[in-house]
Amino acid sequence: MTKCITTVKEMQKLTSQFKREGQSIGFVPTMGALHDGHLTIMRQSSAENDISIISVFVNPLQFGPNEDYEAYPRQIEQDTQAASSAGVDYVFAPSVDEMYPNTLGITLKVGRMAEVLEGAQRPGHFEGVVTVVNKLFNIIQPDRAYFGKKDAQQLAIVEKMVQDFNHPIEIRGIDIVREADGLAKSSRNVYLTEHERQEAVHLSKSLALAKEMYDDGERQSAHIIKAVTDYLHNHTSGEVQEVAVYSYPELEEQEVINGQIFISLAVKFSKARLIDNIII
């Protein structure tokens, strides 16, 4: 049965015990409001490790002043039940005061990788992400940590942090889980109106168009960006905030495509800002 842990001290005591016993630990950090995308990641963690742990923590440091921190869904009982169905052993669900009992005197700065794409739209967001992930890694001490590729920029930044700070952790990137019509699963999809939900399928369709152009030999990023942008304008009522082509995982803007890339987009609907991407 899945057990919910709410204090850092108890979680560290458990994980230290697992380490002494030689048991492998898989870890999936989440902010809760779990959906099938999360559960797919959790099932992989459970299959590949002796002990599977998730965190459910809505991290205030990664929300901007006009973002949905207060409104973000919190449903720990349902999340614990969902995690249990995916074979998770422990849910670490600390309060904000437990994670940040005092004002942080030392913070992490990401640098160039956080100044593009989502980072440009959300200043300070990735500093908040790496701060909480660093803390969670120190608390959980996982052998493997699992992140969804839907947040590909976050995945690249976490991989770089692990490399630069010598965390002895294998980072596993898990493919985007989609609805039957192609919409990437997200906790924010619940904010879409019925009409917006019908339009949102065109995010993945626009990326399919981009891949088709790439497969046909197009290597000029500007041509792909224009085609995707025009498609989204013609098929959705949302504000197209970003369509970009970057090298991956270096996150350097590509004018002429060379090597592995990811094509990223963001569309702002009335109450939900959706992101999607494809790595080629």
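Bear in mind these aren't lab numbers, they're just calculated from the coordinates by the rules spelled out. Keep in mind that this is a model prediction, so the values were computed, not measured. All Cβ positions, glycine included, derive from the backbone under ideal geometry; neighbour counts span all protein chains shown.
Observations on the structure shown:
- Entries of Lys13/Lys109; Lys109/Lys211; Lys226/Lys268 with Cα pairs more than 25 Å apart: Lys13/Lys109; Lys109/Lys211
- Rg ratio (alpha-carbon, reference 2.2 N^0.38 Å) - segment 187-279: 1.08
- Per residue convex hull volume, Cα atoms of segment 161-221, in Å³: 166
- Residues Ile106, Ile263, Ile224, Ile174 in ascending order of nearby Cβ atoms (within 10 Å, fewest first): Ile106, Ile174, Ile224, Ile263.
- Fluctuation leader among Asn189, Asn49, Asn66 - the chain, Gaussian network, Cα springs under 10 angstrom: Asn66
- Take every Cα pair under 8 Å whose residues are at least 6 apart in sequence, average their separation, divide by the length of the chain, and the relative contact order is 17 percent.
- Distance between the C-alpha centres of segment 23-93 and segment 137-175: 15 Å, rounded to the whole angstrom.
- Of the GluC sites (Glu not before Pro) found in segment 1-85, those that fall in a DSSP loop while having at most 11 other beta-carbon atoms within 10 Å are Glu21, Glu70.
- Cross-link partners for Lys19 among the lysines, with Cα-Cα distance under 25 Å and sequence neighbours closer than 8 places in the same chain left out: Lys3, Lys9, Lys135, Lys160.
- Computed extension gain for Glu98 through Glu250, at 0.36 nm per residue and net of the alpha carbon distance, reaches 51.3 nm.
- Computed over the alpha-carbon atoms, the chain gives an Rg to Rh ratio of 0.97, Rh here being the Kirkwood radius from the mean inverse distance.
- Nearby lysines by direct alpha-carbon distance to Lys271 (threshold 25 angstrom, same-chain neighbours under 8 apart not counted): Lys149, Lys150, Lys185, Lys205
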